[in-house]
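Please read the structure below before turning to the comments.
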Amino acid sequence: MTEPEPRPTVWSRPERGTRGPAPERSRRQITAAAVALADAEGLAAVSMRALAQNLGTGPASLYRYVAGRDDLLDLMADVVAGELDLSAAPTGDWIADLVGLALQSKAAYARHPWLLELTAQRGTVLGPHAIDYLDHALAVLAHAPGTSQQKLETISLVTGVTTLFARHQATATAVGSTSAAQAAHLATVAAEGRHPHLLAALATAGPPPSESPADQDALFARLLRRLLSGLLSQS
């Protein structure tokens, strides 16, 4: 069976159609308005009609800049990718540099919780800012061990782990901290004596980390360093 042709990306098409009146806005302005709408009301609130209403125009006028909502979502995701600061040159400590990038990404998820929903619902096309991020991450890994394929896989893994932590943090914020209750439940179960390995681990593990943003960032950085330190070195 022949594979379907990939749809053209929004960045492969002109900024606006050639027909119609002179442009009143730009894709940048439209995307910024869509991000603001999603930040305020969630991803489900972002529709061409709602966005047009916020901009004080008709929905049809927006189709001169984007083909539809999918284009808009791709643009929104790339705008968030553009918030990451890639200006610092790699330090030579590729683990620390990657952890720094991951912390920036996790903070972006916290600023824009709808992005977690977007990445869960559909894959996003790599736009210009996301490609800049990928190139910068590869520059960070230039002197790390491993093949190019292994380095690309490492970047994908860091992205996945970052998304996982961001989702956990967003859930904890929404429903309140459950770490203490979970720890108490595990301690009660372990004390019954049917799970000796769990009992031994809990006896030396200490209290669970708090759900404060600073403690969660420290936990995330610590675990990510541990993961990266063995990942490419074992390639």
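Some notes on this structure:
- The range 191-210 - residue that is surrounded by 10 or more Cβ atoms within 10 Å (Cβ to Cβ) and at pLDDT 70 or above and, of those, farthest from the chain's Cα centre (by Cα): A191
- Some residue of the range 139-152 being among the β-branched types (V, I, T) and at pLDDT 95 or above: yes
- Failed condition for A110, given (1) surrounded by fewer than 19 Cβ atoms within 10 Å (Cβ to Cβ); (2) more than 17 Å from F220 (Cβ to Cβ): (2)
- When the range 6-47 is filtered for residues that are more than 27 Å from A110 (Cβ to Cβ) and either at pLDDT 95 or above or charged (D, E, K, R) (or both), the ones remaining, listed by number, are R7, R13, E15, R16, R19, E24, R25.
Conditions tested, residue by residue: (1) touching an Asp or Glu at 6+ places or on another chain (Cβ under 9 Å); (2) among the aromatic types (F, W, Y); (3) under 27 Å from P8 (Cα atoms).
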{"position": "D97", "(1), (2), (3)": "no, no, no"}
{"position": "H112", "(1), (2), (3)": "yes, no, yes"}
{"position": "L126", "(1), (2), (3)": "yes, no, yes"}
{"position": "D135", "(1), (2), (3)": "no, no, yes"}
{"position": "A142", "(1), (2), (3)": "no, no, no"}
{"position": "P145", "(1), (2), (3)": "no, no, no"}
{"position": "E153", "(1), (2), (3)": "no, no, yes"}
{"position": "S156", "(1), (2), (3)": "no, no, yes"}
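- The selection criterion, being over 14 Å from G160 (Cα atoms), buried (at least 17 other Cβ atoms within 10 Å of the Cβ) and either modelled with pLDDT under 95 or not aromatic (F, W, Y) (or both), holds for G127.
- A44 without any contact (Cβ under 8 Å) to a residue 60 or more places away in the chain, under 30 Å from T159 (Cα atoms) and not in a helix (DSSP H, G or I): no
- Summed over the range 40-80, residues that are polar (S, T, N, Q) and under 27 Å from I131 (Cα atoms) total 1.
- The listed residues are V158, V140, and the only one of them that is without any contact (Cβ under 8 Å) to a residue 60 or more places away in the chain and either touching a Gly at 6+ places or on another chain (Cβ under 7 Å) or within 15 Å of L232 (Cβ to Cβ) (or both) turns out to be V140.
- If you check L84, L72, L116, L103 for being part of a helix (DSSP H, G or I), in contact (Cβ under 8 Å) with a residue 40 or more places away in the chain and under 18 Å from I155 (Cβ atoms), only one passes: L103.
The values are calculated or read from the model by the stated rules, or taken from the named source; none is laboratory data. Because the structure is a prediction, the values reported are computed rather than measured. In this analysis, Cβ positions are derived from the backbone assuming ideal geometry, glycine residues included, and neighbour counts consider all displayed protein chains.
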